[in-house]
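Novice: Below you will find the structure I want to go over with you.
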Amino acid sequence: SEFTLNICCMGAGYVGGPTMAVIALKCPQIRVCVVDLSQKQIDAWNSDSLPIYEPGLPEVVSECRGRNLFFSTDIDGEIKRADIIFISVNTPTKTMGIGAGRAANIKNCELCARKIAEVSDSGKIVVEKSTVPVRTAQAVRRVLECNDKGLKFQVLSNPEFLAEGTAMEDLKAPDRVLIGGVQDEDGIKAAETLVSVYANWVPREQILTTNLWSSELSKLVANAFLAQRVSSINSISALCEATGADVNEISRAVGIDQRIGRRFLNSSIGFGGSCFQKDILNLVYLCETYGLHECAEYWNQVIVMNDYQKKRFTEKMVSSMFNTVTGKKIAILGYAFKKDTGDVRETPSMFVVRDLVLEQAKIHVFDPQVKREDMWIEMDYTCGMTEKTHPGLDKAVTTSPDAYSACDGAHAFAVLTEWDEFKTLDFERIYKGMAKPAFVFDGRNILDHAKLREIGFEVHAIGKPDPNKFSDL
Ligand code: NAI
């Protein structure tokens, strides 16, 4: 064929899709095919409305699709044809059994390995792209070795560091690419093959090679450190609200120290997304498994603080609004776990909405990218709440076509996702349409609070001094 290398990626989700699209873009000589069990998912990748929202993704897919980028459910055929197979399937927290609520379920990874062993008729390089517990490659390798065809497989770990919302930029110019492999001749050769793929666009010095276990564990550690920064600054936001200090001023004063760094120091209602909590729980579980209870407890506090921050926010909403939101319309601006994505997995908005619904508020949600159907799937999966378990739930939450209708007649609006478009809303218009006093709860500190107060709003923000409480600012 005209291609020098065949890559197959198992799992056409938030990671598999964008990652393979960028490989195809940067390596026109390589044939890349993304496969998935879900026909619906593959059909969407082959259509004009992709299954995920990611800025810059549609352009790359339309350039490469049909040229050297393909999406298919022919898993067996694509495995057979591939030289390199990425495993990029979901590895969610276990919901039952041993380690329930903490351990990552690597069932999907093992199933992929079994499938590869079953259908391959030549040896391959198998790459763990999914985030997995350290030493998963050992399990993958053993499953692969159990083929009865005498085939030799090489297992590499190549965790993905992209962030949703900026995935395309992250993939095109990654801080680093990490490749872990067995430190013997064949392992090093396999790692070299994968290095040569990334070297088409990533400078060599940014491609790190390590042993397998360092690579697997680095991904968990990177997410733990990132989430820890969020929880650290959020813990300080609570102290700011109690003392009249301003968390933004603190972030600036502290982050200017180059040892600390400015980035990722914004306080908020807390982190969400499919990875941070899952990966820290995974790390905590690993520590416990090895008897390192102090280490487990240390990292677990990152989650404890995050839960506290979400809860604190809802409680503040209720207490500010005269200790009752029963029957009150409340607008929720933003439901995605961060801007520039439609992903709602573990989104902090969901926990605020859940708690407000339990207080019998009437919730009106506006998010530019989130589908109502996805809200309910996640509410069921993570909170165990459905119309069946909580009759009236469906009616208690309205999804609005825009921010203005969400806020019309509301007692409060809360900004829970930092979408840029929320900064430039016509707040005079919104104020006129709201019940008085009109409350604003800025869960991302993105609005101009002084201006909102001038209009007449009562503004509450995260870690910002409340002028009604402190006269000595
Ligand atoms: P996802 O849920 O969006 O996609 C996973 C896909 O794998 C689904 O479409 C599912 O149908 C498919 N799948 C499951 N089992 C399969 C099998 N046996 N054969 C073929 N397809 C199968 O998951 P996402 O977000 O892409 O995450 C994948 C992995 O990457 C996870 O381990 C995650 O922790 C990690 N990761 C995720 C990041 C993110 O921002 N979402 C960033 C970095 C890593």
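Novice: If you take the residues in the range 1-20 that are away from the ligand (no atom under 13 Å from the Cβ) and touching a residue at least 60 places away in the same chain (Cβ under 8 Å), which one is farthest from residue 164 (Cα to Cα)?
Specialist: Per the stated criteria, the residue is 3.
Novice: For the list (1) in contact with a Lys or Arg (Cβ under 6 Å, 6 or more places away or on another chain); (2) surrounded by fewer than 22 Cβ atoms within 10 Å (Cβ to Cβ), I need the number of the one condition that residue 415 fails.
Specialist: Condition (2) is where residue 415 drops out.
Novice: Let me ask something else. State yes or no: is residue 116 more than 13 Å from the ligand (Cβ to nearest atom) and closer than 28 Å to residue 279 by Cβ?
Specialist: On the way: more than 13 Å from the ligand (Cβ to nearest atom): no; closer than 28 Å to residue 279 by Cβ: yes.
For residue 116, the condition - more than 13 Å from the ligand (Cβ to nearest atom) and closer than 28 Å to residue 279 by Cβ - is not met.
Novice: Among the residues of the range 91-109, write down those that are buried (at least 17 other Cβ atoms within 10 Å of the Cβ) and closer than 29 Å to residue 77 by Cβ. First the steps, then the outcome.
Specialist: Our first condition is that a residue be buried (at least 17 other Cβ atoms within 10 Å of the Cβ); within the range 91-109, this holds for 91, 93-94, 99, 102-106, 108-109.
Within the range 91-109, 91, 105, 106, 108, 109 qualify.
Novice: May I ask you to list the residues in the range 304-347 that are within 16 Å of the ligand (Cβ to nearest atom) and among the hydrophobic types (A, V, I, L, M, F, W, C)? Can you show your working first?
Specialist: Taking the range 304-347 first, the residues within 16 Å of the ligand (Cβ to nearest atom) are 336-347.
Hits for the range 304-347 are 336, 337, 344.
Novice: Out of everything in the range 122-157 that is part of a loop (DSSP other than H, G, I, E, B) and closer than 15 Å to residue 90 by Cα, what residue ends up being farthest from the ligand (Cβ to nearest atom)?
Specialist: 133
Novice: Restricting to the range 212-231, and then to whatever is in contact with a helix residue (DSSP H, G or I) (Cβ under 9 Å, 6 or more places away or on another chain) and free of Cβ contacts under 8 Å to residues at least 60 places away in the same chain, can you tell me which residue is surrounded by the fewest Cβ atoms within 10 Å (Cβ to Cβ)?
Specialist: Within the range 212-231, the first condition is being in contact with a helix residue (DSSP H, G or I) (Cβ under 9 Å, 6 or more places away or on another chain), and the residues that meet it are 212-213, 215-217, 219-224, 226-228, 230-231.
Subset that is free of Cβ contacts under 8 Å to residues at least 60 places away in the same chain: 215, 226.
Details: 215: 23, 226: 19.
Looking at the filtered set, the residue picked out is 226.
Novice: Condition test on residue 193, is it assigned to a helix (DSSP H, G or I) and either over 18 Å from residue 264 (Cβ atoms) or modelled with pLDDT under 95 (or both)?
Specialist: For residue 193, the condition - assigned to a helix (DSSP H, G or I) and either over 18 Å from residue 264 (Cβ atoms) or modelled with pLDDT under 95 (or both) - is met.
Novice: For the structure I just gave you, tell me whether residue 54 is exposed (fewer than 14 other Cβ atoms within 10 Å of the Cβ) and either at negative phi or at pLDDT 95 or above (or both).
Specialist: No.
Novice: Can you name every residue in the range 244-278 that is within 16 Å of the ligand (Cβ to nearest atom) and under 16 Å from residue 444 (Cα atoms)? If you could, list the steps in order and put the result at the bottom.
Specialist: First, pick out the residues of the range 244-278 that are within 16 Å of the ligand (Cβ to nearest atom): 264, 271-278.
If the condition is that a residue be within 16 Å of the ligand (Cβ to nearest atom) and under 16 Å from residue 444 (Cα atoms), then 264, 271, 272, 273 are the ones that fit.
Novice: Among residues belonging to the range 163-173 that are surrounded by fewer than 19 Cβ atoms within 10 Å (Cβ to Cβ) and within 13 Å of the ligand (Cβ to nearest atom), point out the one that is nearest to the chain's Cα centre (by Cα).
Specialist: Only one residue tops the list, namely 163.
Novice: Tell me the residue from 408, 374, 448 that is of a type in the set (Asp, Glu), closer than 13 Å to residue 329 by Cα and free of Cβ contacts under 8 Å to residues at least 40 places away in the same chain, please. Give the steps one after another, and end with the answer.
Specialist: Values: 374 fails: closer than 13 Å to residue 329 by Cα; 448 fails: closer than 13 Å to residue 329 by Cα.
After applying the criteria, what remains is 408.
Novice: Just need a number here: residues in the range 54-107 that are in a helix (DSSP H, G or I), charged (D, E, K, R) and either without any contact (Cβ under 8 Å) to a residue 60 or more places away in the chain or away from the ligand (no atom under 16 Å from the Cβ) (or both).
Specialist: 5
Novice: Another one. I need the full set of residues from the range 240-285 which are part of a loop (DSSP other than H, G, I, E, B), crowded, with 22+ Cβ neighbours inside 10 Å and not aliphatic (A, V, I, L, M), in order please.
Specialist: Pass one, the range 240-285, residues part of a loop (DSSP other than H, G, I, E, B): 244-246, 256-275.
Then drop every residue that is not crowded, with 22+ Cβ neighbours inside 10 Å, which leaves 267-275.
Of everything in the range 240-285, those that are part of a loop (DSSP other than H, G, I, E, B), crowded, with 22+ Cβ neighbours inside 10 Å and not aliphatic (A, V, I, L, M) turn out to be 267, 268, 270, 271, 272, 273, 274, 275.
Novice: Quickly run through the range 18-37 and pick out the residues that are farther than 13 Å from residue 72 by Cβ and assigned to a helix (DSSP H, G or I). Steps first, please.
Specialist: Here is the first cut: in the range 18-37, the residues farther than 13 Å from residue 72 by Cβ are 18-19, 21-30.
Hits for the range 18-37 are 18, 19, 21, 22, 23, 24, 25, 26.
Novice: Just to be sure I understand, how many residues within the range 454-471 are touching a Gly at 6+ places or on another chain (Cβ under 7 Å) and acidic (Asp, Glu)? Before you say what the answer is, go through the steps one by one.
Specialist: So the first thing to find is which residues in the range 454-471 are touching a Gly at 6+ places or on another chain (Cβ under 7 Å), and the list is 462, 465, 470.
From what's left, acidic (Asp, Glu): none.
Of the residues in that region, 0 qualify.
The values are calculated or read from the model by the stated rules, or taken from the named source; none is laboratory data. Everything numeric in this text was worked out from a predicted model, so none of it was measured. Ideal geometry is used to build each Cβ from the backbone, glycine not excepted, and the neighbour counts take in all protein chains shown.
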